[in-house]
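Reviewing the structure listed below.
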């Protein structure tokens, strides 16, 4: 997969990029938030971009962005054919949060914003930071199941490539 076109564009003026808010078109916008924007939220964005195939605007950000992505998260996603290697951790902004239709938080507690007017979900997903690849794979698959359910709730059935199979929720 090439560079994700729906992903937030990195800023050239700051070390941690500032996300660009959704344009407010016909497509629902989803913002995934976690603390470092280096693992969970990036994997969720990668899944939704793949399964939504351009029918949703997808963003990810964090309250305290890391300097780079979690290498195990990049490797685990590559195993399923999703390339998140070019993504960069970004800080969330109030403007982006207010413009999103759905805000999904993952483990950031009080450091993630409340988005008035947006549908807000908090996913209790384990943090893959510092975990072995076997644990990161379980986190990746948990996130996939949640993303499939989220997309369906937005009226977007997952689109797969020929020969590609995506399980529905196993929870």
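Quick notes on this one:
- Convex hull per residue volume in Å³, alpha carbons only, for the stretch 30-153: 93
- Using the average count of surrounding beta-carbon atoms within 10 Å as a protection proxy, the listed peptides 116-129, 60-73, 34-47 rank, highest first, as 34-47, 60-73, 116-129.
- Fully extending the segment from residue 79 to residue 95 would add 2.3 nm, taking 0.36 nm per residue of separation and subtracting the current Cα-Cα distance.
Quick note: the coordinates plus some simple rules give every number you see, no bench work behind them. Just so we're clear, the structure is a prediction, and the values are computed from it rather than from any experiment. Using ideal geometry, Cβ is built from the backbone for each residue, glycine included, and neighbour counts are taken over all protein chains shown.
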